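Chemist: Structure below; questions to follow.
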Amino acid sequence: MAFFKSVSALLAEGESLVMAVILARSGSAPRSVGSRMAVRKDGSIVGTIGGGILEARVQELAGTVFQSHETIVRTFTLTAEDASLMGMICGGQVRLLIHYVDATRSDQALLYRKALELLNTRRTGWLVSRIPDRGREAKAPLQGLVGPDGLHAGTLEHAAIQEVLSRFDGRQPDMVARGSESFLVEPLSKEGCVFIFGAGHISQDLAPLVRLVGFRTVVLDDRPEFANRERFPTADEIRVISTFERALDGLEIDAESCLVLVTRGHAHDKTVLGLSLKTEAGYIGMIGSRRKRDAIYQSLRKEGYTQEDIDRVHSPIGLDIGAETPAEIAVSIVAELIQHRARPQ
């Protein structure tokens, strides 16, 4: 949501961009298919495709694309050393679509504006991009957006989009083949994001369930041996933070965000809870017994938090289904997240 809003605003102001989108990944690549980053003319970025050396390489390549306006598909191999700089255990590969977005072309600006309108109105649409079959083209990729009420924008014909969508049966961005052609299909919906603080056993069971029911999933921990792609293969993003005192730095948290606190200790949970109560998050849940919860609440009140603040917290987290094992607790948490999402707006 925030990404499309930023890109749409820059295009409206007449600023062209270079777009990088993940088409495929393997190994420990930290971001999922469909993750996007836009590079501005000054080299600054909007969004992220994983940080570190990968983004630096794309920023370098963007300078060439700004000049040539070509479309490039390239696979980047991350070495073990590259991975360590990105907080990962080992390396991997990321295949990217990199192309020029021309602000002077009304069709390209309209595409992102219509995508933003879909997200703002909580309607579902699909963004479909044709991928160059030889890894490079001299022109922008054919792209099209379709949505409800006959919405269509972009340069890819509506009939072609419908044929591609007839072969797509997922809820997450993925590649689809049509004859010898390949397309990236990206469902667009304001799905909400679940930030999972702590990468222990419960989080391992929780993350894939959260993703399965349609939330964007971000896992955060200060231990790279826990917060990595091997343990969380389905997460949209994995962040190795320096300390829980700075756990929320750089996160885009709004009313659609859900914060799940399952760290390895009471002190970390209290730290993250205090930070969470200063955000607009729609859901804040903390694991632990009632005794632990009450002790943390008492401490927060002494620090100036009000009862109104405390009342925002779901703790003990999850619906009361008699859960005991990490997997059962994960199911109870996901059930409560679904219940929260289904509430009347």
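The values are calculated or read from the model by the stated rules, or taken from the named source; none is laboratory data. Keep in mind that this is a model prediction, so the values were computed, not measured. Because the Cβ atoms are built from the backbone with ideal geometry, glycine has one as well, and the counts that use them run over all protein chains shown. Calculation scope for accessible area: heavy atoms of the full protein, side chains included, ligands and nucleic acids excluded. Shrake-Rupley method; radii C 1.70, N 1.55, O 1.52, S 1.80 Å.
Chemist: Kindly state, to the nearest 0.05, the FRET efficiency for Asp320 paired with Ser68, given R0 = 51 Å and r defined as their beta-carbon distance.
Modeler: After rounding to 0.05, the efficiency reads 0.30.
Chemist: Need one value: the accessible area of Phe3 in square angstrom, 1.4 angstrom probe, rounded to the nearest 10.
Modeler: For Phe3, the solvent-accessible surface is approximately 30 Å².
Chemist: Hey, any idea what the orientation-averaged projected area of the convex hull of the range 102-159's Cα atoms comes to, in nm²?
Modeler: For the range 102-159, averaging the hull's shadow over all directions gives 4.6 nm².
Chemist: Quick check: with the 1.4 Å probe, what order do Glu280, Glu245 take by accessible area, largest first?
Modeler: The ordering from most to least exposed comes out as Glu280, Glu245.
Chemist: Using the Cα gyration tensor of the range 210-345, with a ≥ b ≥ c the square roots of its eigenvalues, what is the shape: rounded (a/c below 1.5), prolate (a/b larger than b/c) or oblate (neither)?
Modeler: rounded
Chemist: Rolling a 1.4 angstrom probe over the protein heavy atoms, how many square angstrom per residue are accessible across the range 188-266?
Modeler: Accessible area per residue: 37 Å².
Chemist: Once both labels are modelled 7 Å past Cα along the beta-carbon direction, what's the Glu280-Ala56 spacing in nm?
Modeler: A separation of 3.5 nm, rounded to one decimal place.
Chemist: Right, here's the next one. Ignoring everything except DSSP H segments at least 4 long, calculate the 222 nm mean residue ellipticity for the chain; use -39,500 (n - 2.57) per segment, divide by total residues, nearest 500.
Modeler: The helix-only estimate for the chain comes to -10000 deg cm²/dmol at 222 nm.
Chemist: Hey, another quick one. Based on the mean of other Cβ atoms within 10 Å per residue, sort peptides 199-208, 297-306, 223-232, 147-156 so the most packed one is first.
Modeler: Ranked by mean Cβ neighbours within 10 Å, highest first: 199-208, 223-232, 147-156, 297-306.
Chemist: Using only alpha carbon pairs under 8 Å that are at least six residues apart, calculate the relative contact order of the range 1-48 and give it in whole percent.
Modeler: This gives 34 percent for the range 1-48.
Chemist: Compute the distance from the alpha-carbon center of the range 1-63 to that of the range 294-345, in whole Å.
Modeler: 35 Å
Chemist: What is the sum of charges, Lys and Arg at +1 and Asp and Glu at -1, for the other residues whose Cβ falls under 14 Å from the Cβ of His266?
Modeler: Taking every other residue near His266 into account, the sum is +4.
Chemist: Give, as a single signed number, the net charge of other residues whose beta carbon lies under 12 Å from the beta carbon of Tyr305, with Lys and Arg counted +1 and Asp and Glu -1.
Modeler: After counting each charged neighbour, the total is +1.
Chemist: Less than 13 Å Cβ to Cβ from Ile49, Lys/Arg counted +1 and Asp/Glu -1: what total charge do the surrounding residues give?
Modeler: Net of charged neighbours comes to +3.
Chemist: Which shape class, rounded, prolate or oblate, goes with the range 120-236 when its Cα gyration tensor gives a ≥ b ≥ c as root eigenvalues, a/c under 1.5 marks rounded, and past that a/b bigger than b/c marks prolate?
Modeler: Judged from the Cα gyration tensor, the range 120-236 comes out prolate (a/c at least 1.5, a/b above b/c).
Chemist: I've got another one for you. Apply the a/c threshold of 1.5 to the C-alpha gyration tensor of the range 1-71 and tell me whether it is rounded, prolate or oblate.
Modeler: It is oblate, given that a/c is not under 1.5 and a/b is not larger than b/c.
Chemist: For the ranges 56-63, 307-314, 124-131, 44-51, what's the packing order if you count other beta-carbon atoms within 10 Å of each residue, average per peptide, and put the highest first?
Modeler: 124-131, 44-51, 56-63, 307-314
Chemist: Another question, if that's okay. Once the Cα atoms of helix 52-68 and of the chain are each reduced to a long axis, what angle between those two axes, in degrees from 0 to 90 to the nearest 10, is obtained?
Modeler: 30 degrees
Chemist: If R0 is 25 Å, what FRET efficiency do you get for Asp102 and Arg136 from their C-beta distance, rounded to 0.05?
Modeler: 0.90
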